[in-house]
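Asker: Sharing a structure, written as structure tokens. Questions coming.
The values are calculated or read from the model by the stated rules, or taken from the named source; none is laboratory data. Since the model is a prediction, treat every value here as computed from it, not as a measurement. Note that we place each Cβ from the backbone using ideal geometry, even for glycine, and neighbour counts take in every protein chain shown. For accessibility, only protein heavy atoms count, side chains too; no ligands or nucleic acids. Shrake-Rupley method; radii C 1.70, N 1.55, O 1.52, S 1.80 Å.
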Amino acid sequence: VDKFLTVYLRCAKEKKIEGQSFVLGLNDPLEFLNDVAIDAPLAIPHLANIIAELVKAEIISFNFLLESPDYFRTDQNAAGFGAKVLKRIGGDATTKEEYIEVVEKLMTDEDKAKHSSAADLIAEA
């Protein structure tokens, strides 16, 4: 994954791949993430790491998760995944209001029943 990220980030910095292409390219992995994770349990942390690095490098915006495939947002624990991405970003990402708002918007009714707020969900990720 580290070698992949090195190449991926270099392509972005050298403008060989447009930012919107990164977002479009992440749709299928997000939509099928839990299915892939059944056979490859590290898929979730690896994808969280990839997205965290893209957000840190300002290649994509964290709020792209709000436009991710419907199935990912409704049935794939999108808020929990977003929280994992924030933990991978590190620094003040877990307390940044704009990021917390994204996680809050991704929370399902089930998430809201388990966690009193998006900040709580992020803290438990």
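Asker: So for the chain, averaging the separation of alpha carbon pairs under 8 Å that are six or more residues apart and normalising by length, what relative contact order in percent results?
Answerer: 23
Asker: Test of understanding: express the Cα radius of gyration of segment 52-125 as a ratio to 2.2 N^0.38 Å, with N the residue count.
Answerer: Dividing the Cα Rg of segment 52-125 by 2.2 N^0.38 Å gives 1.00.
Asker: Taking all protein chains in place and a 1.4 Å probe, what share, in percent, of the accessible surface of the chain do carbon and sulfur account for?
Answerer: Solvent-exposed carbon and sulfur of the chain make up 49 percent of the total.
Asker: Something else now. Averaged per residue, what accessible area in Å² does the chain show with a 1.4 Å probe, protein chains only?
Answerer: The answer is 58 Å² per residue.
Asker: How much mean residue ellipticity at 222 nm does the chain get from its helices, if each DSSP H run of length 4 or more adds -39500 (n - 2.57) and you divide by all residues, to the nearest 500 deg cm²/dmol?
Answerer: -20000 deg cm²/dmol
Asker: For the peptides 21-30, 41-50, what is the packing order when you average, over each peptide's residues, the other Cβ atoms within 10 Å and list the highest mean first?
Answerer: Per-residue Cβ counts within 10 Å, averaged per peptide and sorted highest first, yield 41-50, 21-30.
Asker: If the only charges are +1 at each Lys and Arg Cβ and -1 at each Asp and Glu Cβ, what is the size of the charge dipole of segment 18-88 around the Cα centre, to the nearest 20 debye?
Answerer: That gives segment 18-88 a dipole magnitude of about 400 debye.
Asker: Still on this structure, I have one more. GLU124: net charge of surrounding residues, Cβ under 12 Å, Lys/Arg +1, Asp/Glu -1, itself excluded?
Answerer: With Lys, Arg at +1 and Asp, Glu at -1, the net is +1.
Asker: Once a ≥ b ≥ c are taken as the square roots of the eigenvalues of the Cα gyration tensor of the chain, is the result rounded (a/c under 1.5), prolate (a/b larger than b/c) or oblate (a/b not larger than b/c)?
Answerer: Verdict is prolate for the chain.
Asker: Can you tell me the FRET efficiency between ASP109 and GLU18 if r is taken as the Cβ-Cβ distance and R0 is 35 Å, rounded to the nearest 0.05?
Answerer: The pair ASP109/GLU18 has a calculated efficiency of 0.45.
Asker: While we're looking at this one, here's another question. Okay, which of segment 74-91 sit inside 20 Å, backbone N to the point 7 Å along the Cα-Cβ direction of ILE38?
Answerer: Hits in segment 74-91 for ILE38 at 20 Å: 74-78, 81.
Asker: Pop the C-beta distance of GLU97 and LYS3 into the FRET formula with R0 = 30 Å and round what comes out to the nearest 0.05.
Answerer: The pair GLU97/LYS3 has a calculated efficiency of 0.30.
Asker: Averaging sequence separations of C-alpha pairs under 8 Å and six or more residues apart, then dividing by the length of segment 13-71, give the relative contact order as a whole percent.
Answerer: Averaging sequence separation for qualifying contacts and normalising by length gives 47 percent for segment 13-71.
Asker: May I pose another question? So if I place +1 on the C-beta of Lys and Arg and -1 on the C-beta of Asp and Glu, and nothing else carries charge, what would the dipole magnitude of the chain be about its Cα centre? I want it in debye, nearest 20.
Answerer: The calculated dipole for the chain is roughly 580 debye.
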